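Bear in mind that the values in this text are calculations on the coordinates, not laboratory data. Note that this is a predicted model, so its numbers are computed, not measured. Note: ideal-geometry Cβ built from the backbone for every residue, glycine included; neighbour counts use all protein chains shown.
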Amino acid sequence: MSYWITPSANTQTVIVCTADLQLYADHIQPVLAAEAELTALHVRDITAVETQLALAPAAGLLIDTARLHDDLDTLDHFREQQPELKIFLLAEHSNDPLIAEAIQRGATDYLLKEQSAWLLRTRVCKRIVVCRERRQLAQQVRQLETQFQNIIVKNADGVLVVDADGIVRFCNPAAEALFGQPRSELNGQEFGFPLVIDETTELDLLHSSGDVVVAEMRAVETEWLGQPALLATLRNVTKRKLTEEALRRAVRENAQLAAAIKDLPVGVLITDPHLPDNPVTFANAAFSQITGYDLAEIVGRNCRFLQGEHTDPTEMERIRTAITEASPFAGTVLNYRKDRTPFWNELIINPVFDQNGSLINFVGLQTDVTARIDNEAALRRERERLAASERELRMLFDNAFDAIVVYDDACVYTDANPAAEPVFGLPYTDLIGTSMRSYIHADDADVSFDDIWTQFLAQGYAEGECTIHQPGGATRLVEFKSKAHFLPGRHVSFMQDVTERRRLEAAERQQRMIAETLTETAAVLNRSLDLSEVLDHILAQVARVVPYDAATVMLRDGETVYSVRSAGYAERGADNAVLSTAFPLKNPVLQQMFSTGQPLVIDDVRVYLGWVTVPETEWIRGYAGTPIHLNDEIIGFINLDSETPGAFTAEQVSTLQTFAHQAAIAMNNARLWAQVNGYAQDLERRVAERTAQLRESKERAEAILHSSSDGVAVLSHDGVIKQANPAFALLFHATLADIVGMSWLDFVSDTDADQLLTALQAVAAIGRDRRIEIVAQRLDQTNFDADVVLSPFREANEHVTGVVFSVRDISRHKRIETSLRASVQRERELNELKSRFVSMVTHEFRTPLAAIKLSVGMLQTYDDRQTRETRLERLNRIEQQVEHLTDLMENMLALSRSEHKLVEQFHPQPTDLLALGQTVVEEMRALASAQHTIAFSAHTPCPPAHLDGKLLRRALINLLGNALKYSPNGGLIQVGLRCEDGHVELTVEDEGLGIPHDDLERIFEAFHRAKNTASISGTGLGLAIVHQIVELHKGSITVESEVGQGTRFTIALPHHAPPLHGASNE
């Protein structure tokens, strides 16, 4: 049952014609509303679609191919009803024959039902929104053109648009009349007159007839095709000037001739400045007609009676000044008629003098220019509105989904929107000024660029696909629609990047072809046991998805490999040679695949050291091969050869592996068939043993079925296990009797149940294999990592009635992978430690050794010249450097012992910590400079603690030594001792350099030194030794530090250190 909605004219409606209400409600209607604010209208049949289109236009039509009933003439009828209608087909499969024909007859695109939500967003919604934006742009352009025609073209004044170079770009018919030239001659000429913005100037124009035309010109700023320009209005004032001149001449010749001006069309009045208040003494009929006053009401009064509420005081002051100074006045004044309606008065006042230069009268000429002023105001308003519309158009232009480019007659881009950037591969501003020929190459089309361009200009419209060549070398495939001459000398193209869509479609076609070839191969496997036929079919199907020049299938017989089938070699006359040649398994190419069990790709065999060339294969450059596995044994190989280097990719080899698996099945079937055939022949000879031999054959077939090391189970449509092999029961610690009848949910962890359910549903729905990794769960609730392959289980009628559930335990592989990662990390750490050690030894040993060598050299060379004191001083210096080297060696030996032998030397015993601390502090005071002060304080009584006093002494000496060394400016060093709650706390705090925060985490690592101590000698071992001593006592050490303020180390130890495992305290 259909239902009807009559949408309003403004509604953006998409008609959806399908019988699948669930698809419409769950996917189509919500996506259209959310993604593009489109109203979905559901109908069930073609008649309802026709009715809806007759009621109101629609933004699009989404029609199920099942509703067409193979009648594509209906689509033509819909396009006749609404030419701009976007029609999308809704199909079950991409190979539906109606799709290609429908698109050829004008359909926009197609969608697969299973992908309807995603394709609606990327195809339907985007295209309809773009189409809507285009219609809005076109409508606004038409409105602007209408306004332009009404205001500019029909204006009584001449209007010209002059660009920044002074060239005329547009003129209206009134301008043609002023110059006496057609627009085709005026456009493109240099204007030749100065243009002053917002000022009125007077020009003498030479008409084509030879007459001089006097015009008043006023210029304002505007834009033309997005570039700055000036809009000049020209008014013909020739008649007015002639009238003014005739009036002046008449007044000069005889003041009494004023009567001659009564019939002039311009308002004329004469005032007498010799009378009080300069009254009007004469006014003609035109003045009376303009103002609405009778002559009797005018004569004898001052002209101020024409002023009103909004008359400009500034202009009035100019008139008074001109009267006072007896000088001319010209200006435009807002006056009021007798009925108090305002009008704009273009006023000219001239003083009249006698022959002696004495002032006689003032003569005023008055013209009603209200219409002109109103037109100018309307022009300004319209110009502002046009500017606002242009800004709105620009906003739509800049924010459009599609790339939009504008170009001139020379194919040079003059404008582009930001969406053009990803299409052309450069900023859209850089695109402007470049030629279209730089991006569209002539060799991409069957005809020349010039022919395409000529045809486009002639037809005025073009659409299709083209390849854009980006500056970096990349290419993008775009759909375009182009309109010629949308403005004079300008053309526009709307472009949509379809590169990704075409790539996805190609990938989809490739996957579909792979699926088809595998299906056809599986069908051959099912119907034929002839190994040669099956292998020839496999090589032919491989060629459809992985193109090659020649190929072979090889079988292994012990340590020898020989070709059993080939393709492509017969054309080269080498088929017999290839099939008769045996190869040793130790051949480097075959041996690598045999030892690794993995495929091999060689981009160029000429640079591959292990390639063996024979005369029949000298032409080969590219190679790909994969082993054929059967029951964990490699029984042969598939080899592909090509004349082209780098002809094969990893993805293609992955596909080849699938065919290798089918080849293994074929070989296994052939072996089984050979065995069964042998049994049958034997049964014919031994009729008496027929029953026993059949039983043996069956048992052997079942043994082969159950010999798989992978666990295999068959699931029914409701997920219950119907059958399983022993490996499956062994893998899950159960018996076959326990497993049969259980659900698959019992064999997967809760975390991966949803993932497995999704995969099972996909296999059952699509009928294709799926492979996933999950955490499986045994019946004893223990887990293991599993590689699961799900395959559809088909009955004889090809319907999927269940799923084959194949499981392999990959826990060991996961553990090996984890172990390898840990080993790599440990190797990195050891390398870093070695680098730091070598750097330290090189730096710390070089200086003492150099000093020793220098002193020894001085003693050897100048011994007879040196006093006893000098020799003793040099010997003392050698002794100091030797002691420094000894300290370095002791630190490194201590670190070594701490890592390997320190456990054996760890002897906790009762230790007086107070005496130990005082002794160490006294020893270090003797080594400190005068700038350092070392203070020791015990905050609580400390009974003897069961600790290793020798090691603790070493730790305190190292900490105090660092405090002295890294406090170069001296300061207070505090050593604290606290014993409470069965724990001992030792603190060493200085006021030295401090440790940067970035180094605190690694400060106890061997050879690590803070980055602010590079200028101070040190090994980076002291704190590492302290850290290990503390760990031997089962204690902890922490550090607090601020750069420039000092550092505080805190050692926390148990009062009674526990003995180490296996160590003696004796």
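For residue 907 and residue 54 in one chain, what is 0.36 nm times their gap in residues minus the Cα-Cα distance, to one decimal in nm?
On the way: separation 853, 0.36 × 853 = 307.08 nm, distance 10.25 nm.
Length difference between fully extended and current span is 296.8 nm.
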remark   = Zone reached by a paramagnetic label modelled 7 Å from residue 598 Cα along Cα→Cβ, restricted to region 785-819 with backbone N below 14 Å, covers 817
ask   = Quick one: if you stick a label point 7 Å off each Cα along the C-beta vector at residue 1045 and residue 632, how many nm between them?
value = 6.6 nm
request  = Calculate, in nm to one decimal, what residue 430 and residue 871 gain on full extension: separation in residues at 0.36 nm each, minus their alpha carbon distance.
outcome  = 150.7 nm
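Which order do peptides 320-329, 972-981, 195-204 fall in by mean Cβ count within 10 Å, highest first? Before the final figure, lay out the partial values.
Details: 320-329: 13.3, 972-981: 16.7, 195-204: 11.8.
Answer by packing, highest mean first, reads 972-981, 320-329, 195-204.
Apply 1/(1 + (r/R0)^6) to the Cβ-Cβ distance of residue 671 and residue 643, taking R0 = 51 Å, and write down the FRET efficiency to the nearest 0.05.
Details: r = 35 Å, r/R0 = 0.69.
It comes out at approximately 0.90.
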message = Sort 429-440, 49-60 by packing, meaning the average of other beta carbons within 10 Å per residue, with the highest value first.
response = 49-60, 429-440
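Provide the gained length on full extension for the span residue 299 to residue 931, in nm with one decimal, where the gain is 0.36 nm per separating residue minus the Cα-Cα distance. Numbers along the way, then the final one.
Numbers: separation 632, 0.36 × 632 = 227.52 nm, distance 11.36 nm.
Length difference between fully extended and current span is 216.2 nm.
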query = So what is log10(I(q)/I(0)) for region 708-809 at q = 0.20, 0.21 1/Å, when the Debye sum runs over its Cα atoms only?
reply = -0.97, -1.07
ask   = Can you give the Kirkwood hydrodynamic radius for region 569-633, in Å, rounded to one decimal and based on Cα pairs?
value = 13.2 Å
ask   = Taking the simple approach of a point 7 Å from Cα along Cα-to-Cβ for both residue 801 and residue 474, what is their distance in nm?
value = 5.3 nm
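Using r as the Cβ-Cβ distance of residue 353 and residue 381, and R0 as 41 Å, what FRET efficiency do you calculate, to the nearest 0.05? Display every interim value, and only then the final one.
Working: r = 45 Å, r/R0 = 1.09.
Given R0 = 41 Å and the Cβ-Cβ separation, E is 0.40.
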ask   = Taking the C-alpha atoms of region 402-497, how large are the radius of gyration and the largest Cα-Cα span, Dmax, in Å?
value = 12.2, 34
Residue pairs, from the table 950/1034; 853/965; 113/481, whose Cα atoms sit over 20 Å apart = 853/965; 113/481
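Among 607-619, 1030-1042, how do they line up from the highest to the lowest mean number of other beta-carbon atoms within 10 Å? The partial results should precede the final answer.
Numbers: 607-619: 12.0, 1030-1042: 16.2.
So the order, starting with the most tightly packed, is 1030-1042, 607-619.
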ask   = How high is the FRET efficiency from residue 822 to residue 1031, r the C-beta distance, R0 22 Å, rounded to 0.05?
value = 0.50
